[in-house]
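In what follows, a single structure is set out as structure tokens and then discussed.
The values are calculated or read from the model by the stated rules, or taken from the named source; none is laboratory data. All of these numbers come straight from a predicted model, not from anything done at the bench. Here the Cβ positions follow ideal geometry from the backbone for every residue, glycine too, while neighbour counts run over all protein chains shown.
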Amino acid sequence: MVAGWKLVLSDRLERARDINAFVHRENAKLEREVDEVKDLRDHIMAAIVRKTHREAILSRANSVPEALADLSRLPREIVLHRVVVKGRKLMAWGEAASEADLARVVPALQGARYAGKFALSPGDGVAGVPARGFRLEAEIATTESASRRGAGS
């Protein structure tokens, strides 16, 4: 009879060990899933922060389209061949019909949209007349600094 109880108890003990091992495996799976959810949450929060930061930058940098619109309103005698905007730095290459037209480039663009001074230097014109070709460099002001500059004028 003792041998029978020993057999029953060892069988129950073995089943309890199996159940315990199963619970530990399932618990480990759940812990891995919780860690994945935490990682996903961290990635989502980082993406939200990047998006908010990008929107803030774009809202401050919306002077760029306005500056490009200014370039499109230059007199007909001033022809732009290439315009590059990198961050807030604007570079434009073009050609003027005459020296007098070349002298009108900077006054035509000066306004509250630009920070600091323009740099206008001779460049090669498409028609091969270097005296009338030019390269323009300017820094585009942020909307905030442009509005302060406009208010101070």
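Within region 50-89, if we keep just the residues that are exposed (fewer than 14 other Cβ atoms within 10 Å of the Cβ) and among the hydroxyl-bearing types (Ser, Thr, Tyr), the residue that is modelled with the highest pLDDT turns out to be 72. With respect to (1) touching a strand residue (DSSP E or B) at 6+ places or on another chain (Cβ under 6 Å); (2) in a helix (DSSP H, G or I), the lone exception for residue 39 is condition (1).
Scanning region 64-101 for residues that are assigned to a strand (DSSP E or B), within 22 Å of the chain's Cα centre (by Cα) and among the charged types (D, E, K, R) yields a count of 2. The condition of being touching a helix residue (DSSP H, G or I) at 6+ places or on another chain (Cβ under 8 Å), among the aliphatic types (A, V, I, L, M) and at pLDDT 65 or above holds for only one of 100, 138, that being 138.
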